[in-house]
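Comments concern the structure below.
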Amino acid sequence: MAEKISFEAPRGMRDFYPEDMVWRNKVFDAFRASGEAFGFMPYDACVVESYELLARKAGEEVGEQIYHFFDKSERHIALRAEMTPTLARMVAQRQKELRFPLKWTTIAQCFRYERMTKGRKREHYQWNLDIIGEDSVLAEAEVIGAAVDALKRMGLTSADFKVRVSSRKFLGELLAKSGIPAEKHAQVFLALDKRGKMPDSEIAAMLRDGGLGEADVAATFAIMDTKSYAGCAELEELFALAATAGFADCLQFDISVIRGLSYYTGIVFECFDTAGEFRAIFGGGRYDNLLTTIGGEPTSAVGLGFGDVVVTELLKSRLGESAASGKKGVSVGFMTDAERDAALRLATSLRSEGEQVDLALKPSKPKKFFSNADQRGSAKAVYIGPDDVSSGKARMKDMTTREEKELSLV
Ligand code: HAM
């Protein structure tokens, strides 16, 4: 006897049943609406990239999490773990023709072989917003403003989340002041990014491995107690711009925000739920050197990635599991085959008026029809029996109020 095989989705990969798509659409609709409201142009690319473009220095987590393989022509191929290298490649390829600054957006499916924890899967969709070719801090203010706008469109308020902001440049200046040489800073950033995720003793060990002496390790931890961004002009400007745009209440200075990716050069930020229950909702920052590292001309850039996993968990917990499913559309049903054509004609006419119509595919008893209409979340329902066909009139029932309105059959 053949062995029964269980075909489940591979670990960490999600199936989206219709009830999951309702949530995904709610989140994606907000991503798209905010991207448009802030003037970002959509772009896209294939999920398959060359491994070389995506892999970076050892020690960087994302580089180690890449799904990769050799194709039949022995090309080293990878599934993208993030969109930023692809964006940099696309921009570098057309750098002479493009008109800067670019404001580009996409929703990209990304793959990372992650240790599975709450809010972290091996596949996720990531909304990306990037401004390329702009030095002004207004670029940071606009990308953060757009992401905050999306969270508000989804139904959250500034009480639910905070965007924690810091600057690698500022942290670099503080480290330099305490005598830690600039060439050690990248190591220090990578170690400090692990704060809260591993004990301080292990971070200290990472710093020592990176060549820091005991005094430097102590100085690094002392710097992490910095509570104010005074003296960092770009952070002061960002907070002022956020006040003008009306979202300063969503921002918080937090020097411990470092970011795990090595390409960031200036302001960095990460958004968390206020209660501290979930992983990062979105993260990003300024990365002024990435284009040059892949062969493009020097170009400043700032952007963020906003995943669908954490925000959906947060929305379900704050708004309720059923918050995404509002009643909509019309169900049309009929009692016997003799009313089928009348039902089809009505469905066709309602659809031409722009209604979303679910036409029953078989005759059914009224009780079953209305119960199905309720179950699928139709806002209205019309059930056609023989009397309706002979009178040329039927009734459209509002599934919430139960009120009925007469309509003519065609
Ligand atoms: P990231 O911090 O690695 O940044 O990812 C950004 C966001 O993607 C996270 O805050 C989280 O919402 C989501 N995310 C990442 N990994 C996972 C996962 N395994 N499961 C679920 N969600 C995940 C970047 O990727 C940068 N490329 C963002 C960027 C764009 N920087 C500049 N432009």
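The values are calculated or read from the model by the stated rules, or taken from the named source; none is laboratory data. What you see is a predicted model; the values in this text were computed from it and never measured. When we count neighbours, we look across all protein chains shown, and the Cβ atoms used for this are built from the backbone with ideal geometry, even at glycine. Accessible surface is based on the protein model in full, side chains and every heavy atom, while ligands, DNA and RNA are left aside. Shrake-Rupley method; radii C 1.70, N 1.55, O 1.52, S 1.80 Å.
Among what's in segment 33-44 and is away from the ligand (no atom under 16 Å from the Cβ) and under 19 Å from I132 (Cβ atoms), pick the residue that is farthest from the chain's Cα centre (by Cα).
Per the criteria, the residue is G39.
Which one is farthest from F189 (Cα to Cα), of the residues in segment 45-75 that are touching a Ser or Thr at 6+ places or on another chain (Cβ under 9 Å) and loosely packed, with under 13 Cβ neighbours inside 10 Å?
Once the filter is applied, the top-ranked residue is R75.
For segment 256-273, what are the residues that are within 23 Å of S136 (Cβ to Cβ) and assigned to a loop (DSSP other than H, G, I, E, B)?
V257, R259, L261, Y263, Y264, T265, G266
When you look at A323, is it of a type in the set (A, V, I, L, M), in a loop (DSSP other than H, G, I, E, B) and away from the ligand (no atom under 16 Å from the Cβ), yes or no?
yes
Which one of the conditions (1) open to solvent by 70 Å² or more (accessible area, probe 1.4 Å); (2) assigned to a loop (DSSP other than H, G, I, E, B) does S364 fail to meet, given that it meets all the rest?
Of (1) open to solvent by 70 Å² or more (accessible area, probe 1.4 Å); (2) assigned to a loop (DSSP other than H, G, I, E, B), only one is false for S364: (1).
Please verify whether segment 280-290 includes one or more residues that are among the charged types (D, E, K, R), over 27 Å from K194 (Cβ atoms) and either within 11 Å of the ligand (Cβ to nearest atom) or modelled with pLDDT of 95 or more (or both).
no
Please verify whether A81 is closer than 19 Å to V302 by Cβ and of a type in the set (G, A, S), treating the condition exactly as stated.
Against the criterion (closer than 19 Å to V302 by Cβ and of a type in the set (G, A, S)), A81 does not qualify.
Only one of these conditions is not met by D254: (1) more than 13 Å from the ligand (Cβ to nearest atom); (2) in contact with a Leu (Cβ under 6 Å, 6 or more places away or on another chain); (3) among the charged types (D, E, K, R). Which number is it?
(2)
Could you please let me know if D225 is open to solvent by 20 Å² or more (accessible area, probe 1.4 Å), under 18 Å from E173 (Cα atoms) and in a loop (DSSP other than H, G, I, E, B)?
yes
Just to be sure before I move on: is D135 in contact (Cβ under 8 Å) with a residue 60 or more places away in the chain, more than 11 Å from the ligand (Cβ to nearest atom), open to solvent by 20 Å² or more (accessible area, probe 1.4 Å) and not polar (S, T, N, Q) in the structure I sent?
yes
Quick check on this structure: which one of A275, A215, A233, A248 is more than 16 Å from the ligand (Cβ to nearest atom), under 24 Å from the mean Cα position of the chain (by Cα) and open to solvent by 60 Å² or more (accessible area, probe 1.4 Å)?
None of the other options fit; the residue is A275.
For a quick check of your reading: which helices (runs of 4 or more DSSP H) sit entirely within segment 45-132 and have at least 3 residues that are within 16 Å of the ligand (Cβ to nearest atom)?
61-64, 84-93
Step by step: first the residues of segment 278-315, then only those that are among the aliphatic types (A, V, I, L, M) and assigned to a helix (DSSP H, G or I), then the one that is surrounded by the fewest Cβ atoms within 10 Å (Cβ to Cβ). Which residue is that?
The residue in question is V309.
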